[in-house]
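The values are calculated or read from the model by the stated rules, or taken from the named source; none is laboratory data. Just so it is clear, the structure is predicted and the values come from calculations on it, not from any experiment. Please note: Cβ atoms are built from the backbone with ideal geometry, for glycine as well, and neighbour counts cover all protein chains shown.
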Amino acid sequence: IEDKIISFKPSAGLVTSVSGIQQNRVITGKIIDAEEGVPLFGVSVRVKGSQAGTISNAEGNFSINVGANDKILVFSYVGYVTKELTLTALTKYELSLVRDSKQLEEVVVAFGTTTRNELTNSVTKISAKDIEQRPISNLNSAIVGASPGVQTTAGNGQPGEGPEIRIRGFGSVTGDNAPLYVLDGAPYEGVISNINPEDIDNISILKDASATALYGARAANGVVLITTKKGNSTGKTTISAKLTQAFSERGLPNYETLDAYQYYPVVWQALKNGSTYGFIQRYPEGKQPLTGVAFEPWHYRYLGVPLARAVATSGLTYDEAVKQFAPGYAK
């Protein structure tokens, strides 16, 4: 058409669609633990007020599409405080989640796990953080005072030997009252003080019958479940060192010792005392001879045993003791 101008006007629906595509954007980021700095896997990321959402991968990274009217992202994870992030012009974020101390912690029950709100048994959990804050040298010391119903008694004093653990009293008068130790799911029969406290991730103490039912009669004195630390995928190398020192002093001073010259009269006096009744004093010297005469040095050689032992153990008089113990004597 010559000398004519033809104009085209786009439809309203098409303009809205193009505008919507331009306003949608992709938000990416990384989620880590606020205390340890490790990435968190499986964190729920959703747009507030909508059904759109995703989860973080093993490296803690996430990616989500948001619309023009979407202003807030909600991050939630089991055991952590839920966090809301207000979006700005940025498209990449890095944030950390704080552990929720009020939330019920996960505990180990026999060969599985459960949460405290589902658990009705008597269980106490000691975390690695609790252990690190105490100056201890062995595992049993980490349990001291950390759980109600658990009593500790002093050990035998050997180097590295910790206190003895008793869960809810004594279960046997003559038998062993030590609890059953389970290390990473397997009963541990070794010396408990040989386990390095630095390798412990958490300790769960099972105290009642329902909590220890899976272990049968071996759990009559309670169960101590020990879970060790595992490696993580952060790729960071961590080196830590800890030094614990202690000293002890003898409660009594060293007793006096005798040399060879002093030892002879002391032993001789002991032999003399061994042939008299110390509690009967009929003679001025304080002696009551067993045979009517004082101790003679040949008594020991003749009988082959100390005189007091021969009479006291057999209940015999001296004459009868000679017949009983003297070698070659005609009975």
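Quick notes on this structure:
- Pairs meeting the criteria (first residue in segment 255-275 and at pLDDT below 80, second residue exposed (fewer than 11 other Cβ atoms within 10 Å of the Cβ), beta carbons under 9 Å, at least 6 apart or on different chains) are Leu271/Pro297.
- Filter result for Ile280 (at pLDDT below 70 and either of a type in the set (A, V, I, L, M) or in contact with a His (Cβ under 7 Å, 6 or more places away or on another chain) (or both)): yes
- Some residue of segment 173-181 being modelled with pLDDT of 75 or more and within 11 Å of the chain's Cα centre (by Cα): yes
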